[in-house]
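Taking it in order: structure first as structure tokens, then the write-up.
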Amino acid sequence: MPEAIAFPDAAEVYTRYLRERLGARGDPVQVGTRVPNPRPARLVRAERIGGAQLDVVTDRPRLDVHCWGATEADAADLMAVVRALTLAMPGWRGAVVYDVVEVGGPNLLPDAATSSPRYALAFELSIRGATLATV
């Protein structure tokens, strides 16, 4: 019988990584999987919007990432930093993420409710699972 493999919550892994890396830069940005009310001027929100298990030990989640800023330039700057940090994620010791592919490049997408400046991107991560005995 094959071993049961479990995968971490990709959005949680990703937001933890971004919080750690942005914090190390001294960049005070709220990062999470929900938009808080009230929404801060600068925010990064990530959510899993699909993806599938590739093989026995590899999950390939697709994450939708939105970056808000106080101005369009601020949102663009935040997006550029988030994009660079995301593409540098493989090998991060917080989880076994061994590949990142951008599948939706930067897109200016003003917030529908507030018209606040926001950029959207999408990435697919390759995340290694672990046997249930070690999870």
Subset of the range 51-63, residues open to solvent by 30 Å² or more (accessible area, probe 1.4 Å), touching a residue at least 40 places away in the same chain (Cβ under 8 Å) and charged (D, E, K, R), comes to ARG60, ARG62
Looking across the range 1-43 at residues that are closer than 28 Å to PRO110 by Cβ, assigned to a helix (DSSP H, G or I) and without any contact (Cβ under 8 Å) to a residue 40 or more places away in the chain, the single one that is most open to solvent (accessible area, probe 1.4 Å) is ARG19
(1) without any contact (Cβ under 8 Å) to a residue 40 or more places away in the chain; (2) open to solvent by less than 80 Å² (accessible area, probe 1.4 Å); (3) touching a helix residue (DSSP H, G or I) at 6+ places or on another chain (Cβ under 6 Å) all hold for ARG48 apart from (2)
In the set ALA73, ALA113, the lone residue that is hydrophobic (A, V, I, L, M, F, W, C), open to solvent by 50 Å² or more (accessible area, probe 1.4 Å) and at pLDDT 95 or above is ALA73
Of (1) in contact with a Gly (Cβ under 7 Å, 6 or more places away or on another chain); (2) farther than 24 Å from SER126 by Cα, TYR17 satisfies every one except (2)
By residue number, the members of the range 76-99 that are part of a strand (DSSP E or B) and either open to solvent by 60 Å² or more (accessible area, probe 1.4 Å) or farther than 16 Å from ARG16 by Cα (or both) are TYR98, ASP99
Original post:
On the given criteria, is ALA122 hydrophobic (A, V, I, L, M, F, W, C), exposed (fewer than 15 other Cβ atoms within 10 Å of the Cβ) and either without any contact (Cβ under 8 Å) to a residue 40 or more places away in the chain or farther than 16 Å from PHE7 by Cα (or both)?
Top reply: no
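The values are calculated or read from the model by the stated rules, or taken from the named source; none is laboratory data. Owing to the predicted nature of the structure, the values given are computational and were not obtained by experimental measurement. Positions of Cβ are backbone-derived with ideal geometry, glycine not excepted, and every protein chain shown enters the neighbour counts. Side chains are part of the model used for accessible areas, which takes the heavy atoms of the whole protein and leaves out ligands, DNA and RNA. Shrake-Rupley method; radii C 1.70, N 1.55, O 1.52, S 1.80 Å.
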